[in-house]
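Colleague: This is the structure, below, for whatever I ask next.
The values are calculated or read from the model by the stated rules, or taken from the named source; none is laboratory data. The structure presented is a predicted model; accordingly, all values stated were derived computationally and were not measured. FYI the Cβ positions are ideal-geometry reconstructions off the backbone, even for glycines, and counts take in every protein chain you see. Each accessible area value is taken on the protein alone, full model and side chains, heavy atoms only, with ligands, DNA and RNA left out. Shrake-Rupley method; radii C 1.70, N 1.55, O 1.52, S 1.80 Å.
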Amino acid sequence: MLLEVQDITVGYFHDIEILQQVSLQVHPSQIVAVIGPNGAGKSTLLKTICGFLTPKQGRILYNGEDITGLDPSAMIRHRIAYVPQERSIFPELTVDENLLLGAWSIRHSGKQAVRAAMEEVYLRFPYLAEQRHTRAGLLSGGGHRMLEIARSLVPKPQLLVLDEPTVGLAPLVVKEIYAKLYQLKEEAITILLVDQNVREAVAL
C-alpha cells in the first residue's frame, strides 16, 4: 500500500468539520479519482494528505509510515508532489526557472542531476521545451497548467496529487492535459486525482 487514509476528520475552524471519518487507499502505480459535487470536501482531502491541514482524528500512512500532521515540505521529501487547484506558477520567472524551483528537493544531487531531471521533463512536454526562456506569465492557461504539472514531476515523485487540473480550460486543452496524464499512467506513476471532468477522470 502506498497511501492509506484512515478515518480522518478535518475542519478549517474549531467547530466546523468538512470531512468526517473519510478513508481511502492508493496502491502503487494506481490512479484513483475522487469525485463529488462542489463543497463536498475533495480539495480539503488533498490538502490534508499533502500537509496543509492537520486532521482532528484519524491517520495518514505513506509506505506504512505515519505522516499525519507533517508539513508540506516534509511531504515533498517523502516524494509526494501536489498541484493545487489555484494557479501556482511564478509569472515573472521563465519556464526554465519555474522548473528549477521544482528541483529544490533534489538539489543535493548536484547541478548535472538537476539539469538531467529537467531535460527529462522537457521531453515529456515539448511545448514547454520550446518556451523554456519565455516568462511563465505569458503562457496560456493550458500552458500554465502544463508547467505546474511538469514542475511537480522534476523530482520524480512516487505520488502525484492533482486538484482540478483542467478547471477553466478549453475542451481541446483538457484533451491535451489528459493525454499527458495517460502518458504518466503508461509510466506507472501513481496519481490521486480530483477533477470536474468526471468522464475523463473515471476513464483514466
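Colleague: Would you mind finding the one in Ile106, Ile8, Ile60, Ile67 that is aliphatic (A, V, I, L, M) and at pLDDT below 95?
Modeller: Exactly one of Ile106, Ile8, Ile60, Ile67 is aliphatic (A, V, I, L, M) and at pLDDT below 95, namely Ile106.
Colleague: Can you name the residue in the range 119-133 that is more than 12 Å from Leu153 (Cα to Cα) and among the charged types (D, E, K, R) and is also most open to solvent (accessible area, probe 1.4 Å) among such residues?
Modeller: Glu130
Colleague: So which residues in the range 105-118 are surrounded by fewer than 17 Cβ atoms within 10 Å (Cβ to Cβ), of a type outside the set (Ser, Thr, Tyr) and free of Cβ contacts under 8 Å to residues at least 40 places away in the same chain, if there are any at all?
Modeller: Arg107, His108, Gly110, Lys111, Gln112, Ala113, Arg115, Ala116
Colleague: Just to be sure I understand, how many residues within the range 1-21 are of a type in the set (A, V, I, L, M, F, W, C) and open to solvent by less than 40 Å² (accessible area, probe 1.4 Å)?
Modeller: 6
Colleague: Tally the residues that are small (Gly, Ala, Ser) and touching a Lys or Arg at 6+ places or on another chain (Cβ under 6 Å), restricting the search to the range 55-100.
Modeller: The number of residues fulfilling the criteria is 0.
Colleague: With respect to Ala74, determine if the residue is small (Gly, Ala, Ser) and more than 24 Å from Leu46 (Cα to Cα).
Modeller: no
Colleague: Among the residues of the range 54-76, write down those that are outside any loop (DSSP other than H, G, I, E, B), open to solvent by 40 Å² or more (accessible area, probe 1.4 Å) and more than 16 Å from Val161 (Cα to Cα).
Modeller: Result: Gln57, Arg59, Glu65, Asp66.
Colleague: Lys175 passes all but one of (1) surrounded by fewer than 16 Cβ atoms within 10 Å (Cβ to Cβ); (2) among the basic types (Lys, Arg); (3) within 14 Å of the chain's Cα centre (by Cα); (4) over 20 Å from Ser29 (Cα atoms); which number fails?
Modeller: Condition not satisfied by Lys175: (3).
Colleague: Okay, moving on. Taking into account only those residues within the range 77-98 that are outside any strand (DSSP E or B) and β-branched (Val, Ile, Thr), which is least open to solvent (accessible area, probe 1.4 Å)?
Modeller: Val95
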